[in-house]
Amino acid sequence: MRAATEILDISPVIPVVVLDEATQAVPLARALQRGGIRTVEITLRTPVALEAVERITAEVEDVSVGVGTVTEPGQAEKAARAGAEYLVTPGSTDRLLDEANETGLPTLPGVSTVSEALRVAERGFTALKFFPAEPAGGVPYLKALASPLPGLTFCPTGGITPDNAGRYLALPNVRCVGGSWLTPREALGKGDWGQVEALARQAVALG
């Protein structure tokens, strides 16, 4: 099993995906893979999310599937049973982190303040999600954290676009970014996997 820090090194961009149909999962993962992206975060924002995770893990090799928007009791365990290889949370409560730890899966806990980052670091987490990145201070904020918190690395998510992703990736404490622009809902609805592949190639070039 990969460590959480290794999850951040799989691809310069982790696609943050909302799926309306489980049947979209496998062709989506394959399109991302053809474009050079070998990881995907399926968010628990629709009822089909866990089924989508099951389909990708069963049918697509060499793509690490994470489950994001883990916010409620029991979700971490369900994600693990579905085959998730890592977990992502938008925020960090003690109960949520306890349940994530119980699964044994690498976890990227969400933080947006220095105090939150210190608190999760005290629990042994060193690879964190910075969310919501742009509203919470963006590039200048993360740049300011590099010196006082040298042992932490971040995956900023929230307001990341192809236009600003490069500025985040240039920071010494950022290993990758999370973004939804690689998998536009309109493209998924139309089954336009060529567009997804093209967007994945562009994202890889950012790194």
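Read-outs throughout are calculated quantities, based only on the coordinates presented, and are distinct from any laboratory measurement. Since this is a predicted model, take the numbers as computed values, not measurements. Cβ atoms come from the backbone with ideal geometry, glycine included; neighbour counts cover every protein chain shown.
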Restricting attention to the range 39-61, the residues that are surrounded by fewer than 17 Cβ atoms within 10 Å (Cβ to Cβ) and within 16 Å of the chain's Cα centre (by Cα) number exactly 1
Scan the range 122-172 for residues that are out of contact with any Ser or Thr (no Cβ under 9 Å at 6 or more places or on another chain), under 18 Å from THR89 (Cα atoms) and exposed (fewer than 13 other Cβ atoms within 10 Å of the Cβ) and jot them down.
GLU122, GLY124
Check every one of the strands (runs of 3 or more DSSP E) wholly within the range 108-207 and list those with 3 or more residues that are touching a helix residue (DSSP H, G or I) at 6+ places or on another chain (Cβ under 9 Å).
127-130, 153-156
Can you find even one residue in the range 133-151 that is closer than 19 Å to GLN202 by Cβ and either free of Cβ contacts under 8 Å to residues at least 12 places away in the same chain or not charged (D, E, K, R) (or both)?
no
Taking the range 159-197 as the search range and keeping residues that are of a type in the set (S, T, N, Q) and touching a residue at least 12 places away in the same chain (Cβ under 8 Å), which one is nearest to LEU28 (Cα to Cα)?
THR183
Of GLU21, GLU6, GLU72, GLU77, the only residue that is surrounded by fewer than 17 Cβ atoms within 10 Å (Cβ to Cβ), in contact (Cβ under 8 Å) with a residue 24 or more places away in the chain and closer than 25 Å to LEU118 by Cα is GLU6
Subset of the range 44-82, residues farther than 13 Å from ALA25 by Cα, part of a helix (DSSP H, G or I) and among the aliphatic types (A, V, I, L, M), comes to ALA76, ALA79, ALA80, ALA82
